[in-house]
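The values are calculated or read from the model by the stated rules, or taken from the named source; none is laboratory data. What you see is a predicted model; the values in this text were computed from it and never measured. Cβ coordinates were reconstructed from backbone atoms using ideal geometry, including for glycine residues, and neighbour counts include every protein chain displayed. When the accessible area is computed, the model is the full protein with side chains, heavy atoms only, and any ligands, DNA or RNA have been set aside. Shrake-Rupley method; radii C 1.70, N 1.55, O 1.52, S 1.80 Å.
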Amino acid sequence: MSRMERDGEVLRLARGLYQLPDAELDANHSLAETAKRVPKAVVCLVSALAFHGLTDQLPRHVWLAIGRKDWAPKPDGTPIRIVRFTESLLHDGVETHLVEGVPVKVFRVAKTIADCFRYRSKIGLSVAIEGLQEALRQRKATPGDIANQAERGGVGTVIRPYLEALTANG
């Protein structure tokens, strides 16, 4: 591999992770790269909002959810931000999508919105509200589904006023 890298036949992305120099990259290439590096992790928060098309922001880091006792990956390659979830919350509402042929675990839209309100101090309340507004506007999640996920995550009372305000007129 080192000879191939030196000759320019492959590019080294991270330890043990290589790519062809002329490979076509997907818009979500960084998600595929981190899924290969951290296979137990689930894409969450701002990265999941961007994946589902619910924010205009381009996250500087890939936000990953891992278990409370899981080892955090070493910084190498794509910058990542780690958030620790309990096992029940980590496995609830996960979808698997293929990105560049790599299975990437991402939280569903309603779960992502509820998690954004749970971690509003880390990502900002405005980001959470924007995600909620876009999810409802694009009809990617129902208010009931979002409320159920928020209750499971312990933020039902936090998200309820925003849901009521945004759904008051239909």
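What to note about this one:
- Total residues in segment 128-153, condition under 13 Å from Arg118 (Cβ atoms), in contact with a Ser or Thr (Cβ under 8 Å, 6 or more places away or on another chain) and free of Cβ contacts under 8 Å to residues at least 60 places away in the same chain: 0
- Residues located in segment 47-61, provided they are open to solvent by less than 40 Å² (accessible area, probe 1.4 Å) and modelled with pLDDT of 95 or more: Ser47, Ala48, Leu49, Ala50, His52, Gly53, Leu54
- Condition met for Leu54 (in contact with a Ser or Thr (Cβ under 9 Å, 6 or more places away or on another chain), within 21 Å of Arg152 (Cβ to Cβ) and in a helix (DSSP H, G or I)): no
- Residue match in segment 23-37 (condition: in contact with a Phe, Trp or Tyr (Cβ under 7 Å, 6 or more places away or on another chain), surrounded by 17 or more Cβ atoms within 10 Å (Cβ to Cβ), part of a loop (DSSP other than H, G, I, E, B) and at pLDDT 75 or above): yes
Matching residues to (1) of a type outside the set (Ser, Thr, Tyr); (2) within 19 Å of Leu58 (Cβ to Cβ); (3) surrounded by 16 or more Cβ atoms within 10 Å (Cβ to Cβ):
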| site | (1), (2), (3) |
| --- | --- |
| Pro73 | yes, no, yes |
| Gly77 | yes, yes, yes |
| Ile80 | yes, yes, yes |
| Val94 | yes, no, no |
| Val104 | yes, yes, yes |
| Gly124 | yes, yes, no |
| Val127 | yes, yes, yes |
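- Positions within segment 154-170 being at positive phi and in contact (Cβ under 8 Å) with a residue 24 or more places away in the chain, in sequence order: Gly154
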